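Where a number appears in this text, it was derived from the coordinates with a stated rule and is not lab data. No experiment lies behind these values; they were computed from the predicted model shown. Heads up, the Cβs are rebuilt from the backbone with ideal geometry, glycines too, and the neighbour counts pull from every protein chain shown.
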Amino acid sequence: MLLPYFLLSVFFLLIGDSVSQQETSSIVYPTENTVWRVGQHVNVTFSQKRPPKDTVAIFFENDRKVMLGAGPLTETVFKFVVPPGAVSPPNGTSLLLAVKRENFYLQSVDGVNVKVLPELDW
């Protein structure tokens, strides 16, 4: 009965480890611990163009219902507005994920931790 929970824990442990390995990431910007604010116009930039069969989907781990950007990696810059659901916990960060596929098959997951602050109240 506990086996499914154990396997799921191992899966997330492995994914977390592979996502945190910034030196192998193709994300050039944002860099680790970049600070963004809700409502800010920002972008994710990748290191190089890839063939049209390579695609990416970008979202925050803590706000997976909002797709920030998606498309072929022939583009290296994906622009979006920081959503309210991406606000980081106090003294924490939000994990920005880029799920890359080649011919519709999972190729890799890149991630970078950014600090997302709430929108300013004027």
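Is it true that some residue in the stretch 87-94 is on the phi > 0 side of the Ramachandran plot and not small (G, A, S)?
Checking the stretch 87-94: at least one residue is on the phi > 0 side of the Ramachandran plot and not small (G, A, S).
In the stretch 50-64, which residues are assigned to a strand (DSSP E or B) and either within 16 Å of L95 (Cβ to Cβ) or out of contact with any strand residue (DSSP E or B) (no Cβ under 7 Å at 6 or more places or on another chain) (or both)?
The initial filter retains those residues of the stretch 50-64 that are assigned to a strand (DSSP E or B), namely 54-60, 63.
V56, A57, I58, F59, F60, D63, listed by residue number.
Any residue at all in the stretch 82-103 that is among the charged types (D, E, K, R), touching a Leu at 6+ places or on another chain (Cβ under 8 Å), surrounded by 12 or more Cβ atoms within 10 Å (Cβ to Cβ) and under 16 Å from S26 (Cβ atoms)?
yes
May I ask you to verify whether P52 is without any contact (Cβ under 8 Å) to a residue 24 or more places away in the chain, loosely packed, with under 14 Cβ neighbours inside 10 Å and touching a Pro at 6+ places or on another chain (Cβ under 7 Å)?
Criteria met by P52.
Looking only at the stretch 79-94, filter to residues that are in contact with a Ser or Thr (Cβ under 9 Å, 6 or more places away or on another chain) and in contact (Cβ under 8 Å) with a residue 40 or more places away in the chain; which one of those is farthest from V56 (Cα to Cα)? Spell out how you get there, then give the answer.
In the first step, residues of the stretch 79-94 are kept if they are in contact with a Ser or Thr (Cβ under 9 Å, 6 or more places away or on another chain); the result is 86-88, 94.
Keeping just the survivors that are in contact (Cβ under 8 Å) with a residue 40 or more places away in the chain gives 86-87.
Numbers: A86: 19, V87: 22 Å.
So the residue we want is V87.
Considering only residues that are in a loop (DSSP other than H, G, I, E, B), β-branched (V, I, T) and closer than 15 Å to R50 by Cα, look in the stretch 68-108 and name the one that is nearest to the chain's Cα centre (by Cα).
Of the residues in the stretch 68-108, the ones in a loop (DSSP other than H, G, I, E, B) are 68, 73-76, 82-83, 87-93, 103-104.
This time we only want the ones that are β-branched (V, I, T), so: 74, 76, 82, 87, 93.
Filter once more, keeping what is closer than 15 Å to R50 by Cα: 74, 76.
Working: T74: 18, T76: 14 Å.
Filtering the stretch 68-108 for residues that are in a loop (DSSP other than H, G, I, E, B), β-branched (V, I, T) and closer than 15 Å to R50 by Cα, the one nearest to the chain's Cα centre (by Cα) comes out as T76.
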